[in-house]
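Each value in this text was obtained by applying a stated rule to the coordinates, not by laboratory testing. What you are looking at is a predicted structure, and each value in this text was computed from that prediction instead of being measured. All Cβ positions, even for glycine, are placed from backbone atoms using ideal geometry, and neighbour counts span all protein chains on display.
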Amino acid sequence: MLLEIKSLKKKFANNTVLKGINLSIKAGEVVVIIGPSGSGKTTLLRNINFLEQADSGTMVFKDKQLNLANLSNEEILWVRRHTAMVFQNYNLFKNKTAIENISEGLIFGQNRSKKDALQLAKKALDSVGLLDKQDFYPAQLSGGQQQRIGIVRATVLNPDIVLFDEPTSALDPELVGTVLYDMKQLADQGQTMIVVTHQMSFARNVASRVVFFADGEIIETGTPSEVFDHPKNKRTKQFLSAIAEDY
């Protein structure tokens, strides 16, 4: 098992957002988390990458045991070096070009030489057909191009797991397809991914496993066919009935 989370809990003031999450991820799996907005899906990703710190729970990642409520700076840095996150609003550095956005993580996060980092960044941009945009700033790029560069920036670091937080939610509908295509290519290459999304067709066609999340809890999990075609839980059935035309 690559990642195993047990009893993860998180509160904001008096609101319990995560109510004891248990989740395991195998290497090479694409785990897609679906569910209503506001149910805690993004908070779960942010706790995995330590952008938020859990109130309690444990995580075993690459055989390293972590107490989620009591983490050292070294542990946080170690996890972040082995994971990457793609945000819904791109989060590119606005004062950096596309190639700088990609290469700086290699230089400062992995101590690569500038020459090696630029070579890797160019190769990564070329792989998604955006090499001609290497000197463009984010403001000069479409939302879809920015998100694709965000994905390249994450994956060029060769992380063990990539976390995707609703990567298409801020895009115009006609731009969604190119981003989903890039994500499917990653999945086909064996990249381990945890994806929070409202794109049900992606969940059905690409996921190894679908997790239905509601009210801060994992309600149901299974293969895409099990969850979409034969849901067992009443809450899952209710959610899928409301979005039936999307999948």
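Note down the Stokes-Einstein diffusion coefficient of the chain in µm²/s, whole number, using a Kirkwood radius over alpha carbon pairs, 20 °C, and 1.002 mPa s.
Values: Rh = 18.7 Å.
For these conditions, the coefficient is 115 µm²/s.
Relative to its residue count, the range 106-246 spans a Cα convex hull of 133 Å³ per residue.
Just for the chain, what percent of DSSP beta bridges are antiparallel, to the closest 5? Write out the running numbers ahead of the final one.
On the way: 22 of 39 bridges.
Just about 55 percent of them are antiparallel.
Farthest toward the positive end of the dipole of the chain, out of Ile25, Asn70, Ser169, is the Cα of Asn70, where the dipole comes from beta carbon charges about the Cα centre.
Does the range 127-190 classify as rounded, prolate or oblate by the C-alpha gyration tensor (a ≥ b ≥ c root eigenvalues; a/c under 1.5 gives rounded; else a/b over b/c gives prolate, otherwise oblate)? Don't skip to the end; give the middle numbers.
Numbers: a/c = 1.71, a/b = 1.25, b/c = 1.36.
Here the range 127-190 falls in the oblate category.
Between amide H atoms placed 1.01 Å from N, distances below 5 Å from Leu18 occur with Lys10, all of them 5 or more places distant or on a separate chain. Here the range 37-184 is treated as a Stokes sphere of Kirkwood radius computed over C-alpha pairs; at 10 °C and 1.306 mPa s its diffusion coefficient rounds to 98 µm²/s. Amide H contacts for Phe213 (H built 1.01 Å from N in the peptide plane; partners 5 or more residues away or on another chain; cut-off under 5 Å): Ile34, Gly35, Ile219.
Check cross-link reach from Lys11 to the lysines: straight Cα distance under 22 Å, and skip same-chain residues fewer than eight apart. Straight-line reach from Lys11, under 22 Å: Lys19, Lys41. Bridging of Lys234 to aspartates and glutamates at a Cα separation below 12 Å is possible for Glu220, once same-chain residues fewer than 8 apart are set aside. Please work out the Cα center distance from the range 174-208 to the range 1-55, rounded to the nearest Å. Using only Cα atoms, the two centres lie 19 Å from each other. Compared with the dominant Cα axis of the chain, that is its longest principal axis, helix 143-155 is turned about 90°. Bridging of Lys133 to lysines at a Cα separation below 23 Å is possible for Lys94, Lys96, Lys114, Lys115, Lys122, Lys123, Lys184, once same-chain residues fewer than 8 apart are set aside.
Pairs of Cα atoms in the range 50-100 fall into 10 Å distance bins, from 0 up to the last occupied one, in shares of 20, 43, 25, 13 percent. Taking a ≥ b ≥ c as the square roots of the eigenvalues of the alpha carbon gyration tensor, the range 23-113 is oblate, as a/c is not under 1.5 and a/b does not beat b/c. Overall form of the range 1-62: oblate. Here a/c, set by the Cα gyration tensor axes a ≥ b ≥ c, is 1.5 or more, and a/b is not larger than b/c.
What value does the range 169-244 have for Rg/Rh, both radii from Cα atoms and Rh as Kirkwood defines it? The partial results should precede the final answer.
Numbers: Rg = 13.2 Å, Rh = 13.4 Å.
My calculation puts Rg/Rh at 0.98.
Explain nothing, just the number: dipole magnitude of the chain about its Cα centre with +1 on each Lys and Arg Cβ and -1 on each Asp and Glu Cβ, in debye rounded to the nearest 20. Dipole size: approximately 460 debye.
Each helix, a run of at least 4 DSSP H residues, gives -39500 (n - 2.57); summed and divided by the residues of the chain, these come to -10500 deg cm²/dmol at 222 nm. Given H placed on each backbone N at 1.01 Å, which residues far from Arg112 in sequence or on other chains put an amide H within less than 5 Å of it? The list, which skips near neighbours in sequence, is Ile107.
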